[in-house]
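The values are calculated or read from the model by the stated rules, or taken from the named source; none is laboratory data. On a predicted model such as this, the values are computed, not experimentally measured, just so you know. We place every Cβ from the backbone using ideal geometry, glycine too, and count neighbours over all the protein chains shown. Each accessible area value is taken on the protein alone, full model and side chains, heavy atoms only, with ligands, DNA and RNA left out. Shrake-Rupley method; radii C 1.70, N 1.55, O 1.52, S 1.80 Å.
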Amino acid sequence: MEIPIFTVDSFTDLPFKGNPAAVCLIENELQDDLYQSIAAEMNLSETAFITRRNSMDFSSGARFGLRWFTPTCEMPLCGHATLASAAVLFYMKKNVNPVLVFETLSGELYVRQHEESLIMDFPLNKPNPQDQHEIKDLLKAAVGNLPIQDVCYSPTTKKLMVRLADTCDRSELVSLRPEAESLLRNETTGKIKSLIITLKGAESTQSGYDFYSRVFAPWVGVPEDPVTGSAHTVLAGYWSEKLKKKKMLAYQCSSRGGEVKLEIRNDGRLDIIGQAQIILQGTLKI
């Protein structure tokens with residue numbers, strides 16, 4: 001069996017920045033253990049598998065199946081690998097449709113082109129306030145002695161969001177080095193699958209970023225996720241209310257870095273806007 005595969009850097013206009021995802025074009029569904037073996041082999045935060053629907057090819061079809069796997073498990077939602085999948089279909093397969101529809105574990109996701117960017121129509125996941133005392137050891141493992149302003153939890157995505165106090169600056173967020181083993185040791189309930197640490201953008205700077213973030217997910221085999229779309233479904237739900245904004249510009253402060261534009265839609269969903277760079281094309285031989 002031969003499977004076309006691509007590596008795509010999402011949420012960036014430069015190669016080797018943003019968040020890399022592998023994208024596989026699948027003619028027919030595979031066994032789950034094979035999906036997982038391929039994802040483990042790729043060893044990226046996510047590997048996406050696109051399958052055809054209604055016997056249409058990848059260039060003319062508008063509807064596709066889409067699944068995402070980390071090196072250790074399947075994920076119910078992934079933004080950067082969805083962006084990467086649309087980039088492969090639009091840029092490499094020259095798909096003729098204005099909008100692509102992906103059937104996923106999180107329902108139908110829509111992606112369209114706009115100038116140099118791709119726009120993803122995603123659910124908005126507003127997080128709920130979380131009692132800090134219940135998870136004080138996990139918070140200590142995550143941010144040390146840095147002051148915390150808010151802690152929220154999204155039960156839909158199983159993401160815990162920690163907002164650092166406004167007295168913190170971007171350099172302190174960048175300097176954080178939480179140990180995966182410590183995070184895993186202090187959260188064993190299965191309730192949390194990903195940890196988001198976020199900080200309000202400084203009004204005194206010229207960057208224009210409304211907020212910054214980093215994401216750690218050792219519970220699903222990803223020590224740090226460079227730039228995540230799914231985390232921004234939670235971040236957008238939080239920051240839009242705090243900042244009283246429907247349009248926001250965010251930056252994820254991993255070593256690779258990545259820029260994400262966010263727009264709250266009138267229907268209550270979220271447009272996640274970003275660029276993608278295809279840097280590798282090849283064939284898996286199984």
Open item on the list: For the stretch 40-58, give me each residue that is in contact with a helix residue (DSSP H, G or I) (Cβ under 8 Å, 6 or more places away or on another chain) and either in a loop (DSSP other than H, G, I, E, B) or surrounded by fewer than 17 Cβ atoms within 10 Å (Cβ to Cβ) (or both).
Closed with: Ser45, Phe58
Task: Flag for Tyr91 being open to solvent by 30 Å² or more (accessible area, probe 1.4 Å) and aromatic (Phe, Trp, Tyr) - done: yes
Task: Options Gly61, Gly79, Gly65: the member that is open to solvent by less than 40 Å² (accessible area, probe 1.4 Å), within 23 Å of Val222 (Cα to Cα) and not hydrophobic (A, V, I, L, M, F, W, C) - done: Gly79
TODO: Among what's in the stretch 160-195 and is touching a helix residue (DSSP H, G or I) at 6+ places or on another chain (Cβ under 6 Å) and farther than 19 Å from Ala231 by Cβ, pick the residue that is most open to solvent (accessible area, probe 1.4 Å).
DONE: Asn186
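Could you list, in sequence order, all residues of the stretch 3-39 that are part of a helix (DSSP H, G or I) and without any contact (Cβ under 8 Å) to a residue 40 or more places away in the chain?
Hits for the stretch 3-39 are Asp33, Tyr35, Gln36, Ser37, Ala39.
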Open item on the list: I'm trying to understand the selection: among the residues of the stretch 128-148, which are part of a strand (DSSP E or B) and open to solvent by less than 90 Å² (accessible area, probe 1.4 Å)?
Closed with: Asn128, Ile148
Open item on the list: Can you report the number of residues in the stretch 232-272 which are assigned to a strand (DSSP E or B), surrounded by fewer than 20 Cβ atoms within 10 Å (Cβ to Cβ) and hydrophobic (A, V, I, L, M, F, W, C)?
Closed with: 2
